[in-house]
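*Asks:* Below are the structure tokens for one structure; questions will follow.
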Amino acid sequence: MTRLTAGTLLVATACMSIVVRAQSPSPRFTRERNISTAGTGPQRLAIDATLLEAAKPFRVTSYGERTVAQDGLADLRLFDGQGRSVPHLLIYPPAREPSWTRGTLLPVAATKKNSGFEVDLGHAEPSDAVRIEGIPAPFLKRVTLEGSGDRAHWTMLASEGTLFDLPDEHLRETTLTFRRGSYRYLRVIFDDTNSGRVAPPRAVFARRITGPAPPPPPAAALAFERRPSEPGRSRYRIRLPAAHLPIVALDLDIGGGHVFRPVAVNESRLAGEEAVPAQLGRATLMRVLRDGAAAQALRIPLTPPAEAELELVVEDGNNPPLELKGVSASFAELPWIYFEALDATIVARYGDLATAPPRFDLEAMRDSIDVSLLREATWQPPHVLAESDATGGAPAFPAIGAAIDTTKFRHARDIADTSGGLMALPLDAAVLSRSRGPVARFADVRIVDRTNRQIPYLVERRDEPLSIDVPISVATDQQASSLARTPGVNRSVYVIRFPYPGLPAGALALQTSARIFQRIVDIGVLRPPDRRRRDAWFDVMAASTWRHADQQTSAPALTMRVPTVDKTELLLAVDEGDNAPLPVVSARLLLPSYRLRFFRPEKNELRLVYGRDDLPPPRYDLSLLAPQVMGAPAREISASPERAGGADMATPFVSPRIFWAFLSTAVIALLLLIVRLVRTR
């Protein structure tokens, strides 16, 4: 009985161990990084942008003007040289309201090019900003700021600062921030080279901060590219290192001189059954140049983005397109990583977004940890252990849908790229024209594999237009004759050729080389005679007055709304009055822009098929699809050019080699059969 009981307990223990292991799978880390420690013992480690790219994202919470990144890095694990787990904590410096200490003004001897003052704060304490009050407005001055503990040895805190108060332009900045340090004396020097001297300030205050210093913010210069846009707007696509980053603002670096332009930042968000543009932030970019200095406000506050791709839209008005030179991200307040190193080798692993946050006994010491007293460790470059599920791993649900008969589609195009992962396929003019289009929610558009099984997708409506340069030429006498029947009307007639008929409603942007003019412009199509009209007639679809009266600047483009047209040739009629013909040098068609987001299985040949009238819109399980295709970087691909032909282009995948081999075999078999029949006779 005893043996049976012991054996039973042994089996039960083994079973429980198996069950526990099954319920607690090992984390699937995708990144590994060595940490350069400062010896052994307690240390602190700052969070950088590289860690944020692949680790479990933070959630941003606002506390008044303070934004804090919380509940992130649940997948972070630290190990020593023997592979043992090293406990760690995320430590936030305690939130304390800063105090402003008024200093005593001390004179500084002025020179031919400089003037300024010093400030005695009474004693040395940590500070990170100085505020100057009482200088009469308006003023705009370039300054340098230095700090000292003994008034003999000085440290440069800000070598190229700018202070300004311009009430007419609604621009004011009288505070200089600098890296936190303990200083008793501050010295402010104004650059008077290109501007008059300002009166001494009435008062100067230093911002004193007690308690541990927050970690330095991650450096994040962002990649960007100019995108096609309608006249009067500049569009840029900004690429973030990853989705769900705790970014709370964008700072722009722009060229040119004075600036006053409204801007907006958008991203795609799921709304109903498609992804649509959602605004994350708005601001007005302002910059005033005066006396060799610049007063500017070039920051755009944001709701933290969920996507890895943002769109910056700039309202240029009548100005040249905005010259964007750089974009950087500003992050919410992040915590320190605290750990205790038993040896000098520490390795961090992370990247499994499904991992639950760890729980260490070290939590009992949280309230007694002062990170300001700790030595600081640093990061080494990361090593990729595996691709993350968000970019290239297996999908969370079957990526293949139901089969469909592709022989009934009128058009088929190969999607040549065979790499796997999240893809974005833009829909070009051919798809917009020859499918049932956005009005029918692209009901007949499908992505299929080589066995004609559907690949689920999500339609994404873009804010930027699909821009197509369309040819424009002077109309022939026969084409223009139907528009010249009114006596005394001097008209110039042009022919604009669209690539396809039946394109969705959009806009037509016209450009001229003239500077001084005013014309009435009509756009329409030439219709054949009907019951009410004996002759061909001009069907006007849009009309506008085009005017420009500044010889020094180029005329802005004329943008006219164009409805869906069942023809490819449009006529542009310009009422010249008694003037010489207005030269219309170019035309650009602006159409609504759409993409299909889908997860592509690795090495799977795909086609885009469309052109069928008997299908309802596809019904994919968006509740499962959306988390996979939204909030992760998507690689933009394209379909091959549309091939000539009809429904025969939608036959199943059969390579020419297999076809001719099959045909040759059939011919040989037929010949052998004929020879055999002849011999039997």
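*Asks:* If I ask for residues that are open to solvent by less than 70 Å² (accessible area, probe 1.4 Å) and assigned to a strand (DSSP E or B), which ones from the range 351-377 would you list? Before the answer, list the steps.
*Replies:* Filtering the range 351-377 down to residues open to solvent by less than 70 Å² (accessible area, probe 1.4 Å) leaves 351-352, 355-356, 358, 360, 362, 369-372, 374, 377.
Residue satisfying the conditions is 377 alone.
*Asks:* Give all pairs with beta carbons closer than 7 Å in which a residue from the range 163-182 that is closer than 17 Å to residue 287 by Cβ meets a residue that is among the polar types (S, T, N, Q) and open to solvent by less than 30 Å² (accessible area, probe 1.4 Å); count only pairs at least 6 apart in sequence or on separate chains.
*Replies:* As it stands, the answer is 163/174; 165/174, since those pairs meet every condition given.
*Asks:* Still on this model: Run down 544, 554 and say which single residue is open to solvent by 20 Å² or more (accessible area, probe 1.4 Å), more than 22 Å from residue 476 (Cα to Cα) and either assigned to a loop (DSSP other than H, G, I, E, B) or of a type outside the set (S, T, N, Q) (or both). Spell out how you get there, then give the answer.
*Replies:* On the way: 544 fails: either assigned to a loop (DSSP other than H, G, I, E, B) or of a type outside the set (S, T, N, Q) (or both).
Step by step, each of 544, 554 is checked, and only 554 is open to solvent by 20 Å² or more (accessible area, probe 1.4 Å), more than 22 Å from residue 476 (Cα to Cα) and either assigned to a loop (DSSP other than H, G, I, E, B) or of a type outside the set (S, T, N, Q) (or both).
*Asks:* To continue, here is another question. Please go through the range 503-535 and pick out each residue that is among the small types (Gly, Ala, Ser) and crowded, with 16+ Cβ neighbours inside 10 Å. Can you show your working first?
*Replies:* If we filter the range 503-535 for residues that are among the small types (Gly, Ala, Ser), which is where we start, we get 505-507, 509, 513-514, 524.
Across the range 503-535, the qualifying residues are 506, 507, 509, 514, 524.
*Asks:* What is the residue count in the range 404-420 for residues that are buried (at least 19 other Cβ atoms within 10 Å of the Cβ) and within 11 Å of residue 610 (Cβ to Cβ)? Working first, answer last.
*Replies:* Within the range 404-420, the first condition is being buried (at least 19 other Cβ atoms within 10 Å of the Cβ), and the residues that meet it are 406, 409, 411-413, 415, 420.
Of the ones still in play, those that are also within 11 Å of residue 610 (Cβ to Cβ) are 406, 409, 411-413.
Result for the range 404-420: 5.
*Asks:* Do you know which residues across the range 26-52 are touching a Lys or Arg at 6+ places or on another chain (Cβ under 9 Å), farther than 13 Å from residue 349 by Cα and not small (Gly, Ala, Ser)?
*Replies:* 37, 42, 43, 44
*Asks:* So, one more: So residue 285 passes all but one of these: (1) assigned to a strand (DSSP E or B); (2) open to solvent by less than 10 Å² (accessible area, probe 1.4 Å); (3) touching a residue at least 40 places away in the same chain (Cβ under 8 Å). Which condition number does it fail?
*Replies:* All conditions are met except number (3).
*Asks:* Name the residue, out of 39, 64, that is open to solvent by less than 40 Å² (accessible area, probe 1.4 Å) and over 21 Å from the mean Cα position of the chain (by Cα). Lay out the reasoning, then the answer.
*Replies:* On the way: 64 fails: open to solvent by less than 40 Å² (accessible area, probe 1.4 Å).
One residue alone meets the criteria, 39.
*Asks:* What about residue 466, is it among the aliphatic types (A, V, I, L, M), modelled with pLDDT of 90 or more and over 29 Å from residue 560 (Cα atoms)?
*Replies:* Details: among the aliphatic types (A, V, I, L, M): yes; modelled with pLDDT of 90 or more: yes; over 29 Å from residue 560 (Cα atoms): no.
Considered against the rule, which asks whether it is among the aliphatic types (A, V, I, L, M), modelled with pLDDT of 90 or more and over 29 Å from residue 560 (Cα atoms), residue 466 comes out as no.
*Asks:* Being more than 30 Å from residue 527 (Cα to Cα), open to solvent by 10 Å² or more (accessible area, probe 1.4 Å) and either in contact (Cβ under 8 Å) with a residue 12 or more places away in the chain or β-branched (Val, Ile, Thr) (or both) is true for just one of 497, 491, 436, 450. Which residue is that? Let's see the steps before the verdict.
*Replies:* Numbers: 497 fails: more than 30 Å from residue 527 (Cα to Cα); 491 fails: more than 30 Å from residue 527 (Cα to Cα); 436 fails: more than 30 Å from residue 527 (Cα to Cα).
It is 450.
Conditions (1) within 32 Å of the chain's Cα centre (by Cα); (2) under 30 Å from residue 92 (Cα atoms); (3) aromatic (Phe, Trp, Tyr), marked per residue:
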residue	(1), (2), (3)
182	no, yes, no
186	no, yes, no
192	no, no, no
210	no, yes, no
219	yes, yes, no
233	yes, no, no
252	yes, yes, no
279	yes, no, no
284	yes, no, no
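The values are calculated or read from the model by the stated rules, or taken from the named source; none is laboratory data. All figures in this text were calculated on a predicted structure; none of them were measured in a lab. We place every Cβ from the backbone using ideal geometry, glycine too, and count neighbours over all the protein chains shown. Surface areas here come from the heavy atoms of the whole protein model, side chains and all, with no ligands, DNA or RNA. Shrake-Rupley method; radii C 1.70, N 1.55, O 1.52, S 1.80 Å.
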